[in-house]
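Student: Handing you a structure now.
Every read-out reported here was derived from the displayed coordinates using simple, explicitly stated rules and does not represent laboratory data. Everything numeric in this text was worked out from a predicted model, so none of it was measured. So basically every Cβ, Gly included, is an ideal-geometry build from the backbone, and we count neighbours across all protein chains shown.
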Amino acid sequence: MQNSTWLLLLYGLPAKGNTARVTLWRKLKKYGAIQLKTSAYVLPDRPEHYERFQWLATEIKESGGEATLIRVVQIEGVAGQQIVQMFNEARAAEYKEVGRACQALLQGPKKGKEADLAAEFGKQQRRFREIKEVDYFKSPAADDVQMILQRLERILAPKERTMSQPKLAAKEFQGKTWLTRPRPGIDRAGSAWLVRRFIDPKARFVFGTEPSKYPKALPFDMADVEFSHHGEDCTFETLVKRFGIEDKAVLRMAEMVHDADLEDGKFQRTECIGINAVLSGWARTKMSDGDLLEKGMECFEGLYQQLQK
């Protein structure tokens, strides 16, 4: 598919600007930009790309260099389809690096090294997602690597299944009171939304720090309780797994909540970081815990509706 317009960044940096040059190169690589000539990079014409190139142009000028950002329909001497092919070739080379690393894992798994295998699998899975984000023209090389990743996942899956806890039936958790800590943040707000949306529509939420004072309530996102962090999972993920929720949007949200709450970059998802910042800001106001939770749940409902598209 040929792109209608392109963004072209032309720049020049001082001869001694090695640090600025390396920093610029790393950012251009992160954005998936393609080099046409020594100091010319191109991206498909999209609002987010225009903004990124604008910022890079500003940084180049602040480093004593020169930069020009141009929107063009055609680049002389290079057909649109050739540019698309250049993007696909660049992504293919990156996908192949992931593929080689995964193949090495498949060829040499060693007994007793399951944890190392899982860690490396996670690393390559994250790298695959990073490449997919800048794979603007859907390089065919992605499918091959995805199949290799799925094979690795199947090797790890039996281990994960044996460690999983039994599934719970939502019908047995209706009309309950749910207890969590005051000043709810991203995991508690998200978990409360999940409870009311998929588990207990008439759930009532209360706040406290000692579950023993609320013997009839179901505590969540608290220390040493059933519905909380377990292993590498945040509370949202625990609830999804325990109640067998398979909604695709919810599974994506679980990754988003995980990364915003645990800040370990496991899934490289940033969508909930903004919600977390807003909740943290509201928590500093005189807003009640109940109102804070309700507002957080509204944010999650909005995110869920967006993901339904």
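Student: Under the rule of -39500 (n - 2.57) per DSSP H run of 4 or more residues, summed and divided by the residues of the chain, what mean residue ellipticity at 222 nm is obtained, to the nearest 500 deg cm²/dmol? It would help to have the intermediate numbers written out before the result.
Tutor: On the way: 10 runs with 163 residues, N = 309.
For the chain, the value works out to -17500 deg cm²/dmol.
Student: So how much slack lies between Lys27 and Leu251, counting 0.36 nm per residue of separation and subtracting their Cα-Cα distance, in nm?
Tutor: The span from Lys27 to Leu251 would gain 77.7 nm if fully extended.
Student: Now a separate question. Would you mind putting 23-29, 303-309 in packing order, based on average other-beta-carbon counts within 10 Å, highest first?
Tutor: Values: 23-29: 15.1, 303-309: 12.6.
Per-residue Cβ counts within 10 Å, averaged per peptide and sorted highest first, yield 23-29, 303-309.
Student: Which value, in debye to the nearest 20, gives the size of the charge dipole of region 207-309 about its Cα centre, when Lys and Arg are +1 and Asp and Glu are -1 at the Cβ?
Tutor: Details: 12 positive and 20 negative charges, 50 e Å.
About 240 debye.
Student: Give, rounded to the nearest 20 debye, the magnitude of the charge dipole that the chain has about its Cα centre when Lys and Arg contribute +1 at Cβ and Asp and Glu contribute -1 at Cβ. Spell out each step's value before the answer.
Tutor: Details: 49 positive and 43 negative charges, 56 e Å.
Here the chain has a charge dipole of around 280 debye.
Student: What does the net charge come to around Thr5 if you take all other residues with beta carbon closer than 10 Å to its beta carbon, with K and R at +1 and D and E at -1? Please report the intermediate quantities before stating the final value.
Tutor: Working: positive: Arg46, Arg71; negative: Asp45.
Here the count lands on +1.
Student: Can you tell me the FRET efficiency between Asp143 and Lys37 if r is taken as the Cβ-Cβ distance and R0 is 25 Å, rounded to the nearest 0.05?
Tutor: Numbers: r = 32 Å, r/R0 = 1.26.
According to the calculation, E is roughly 0.20.
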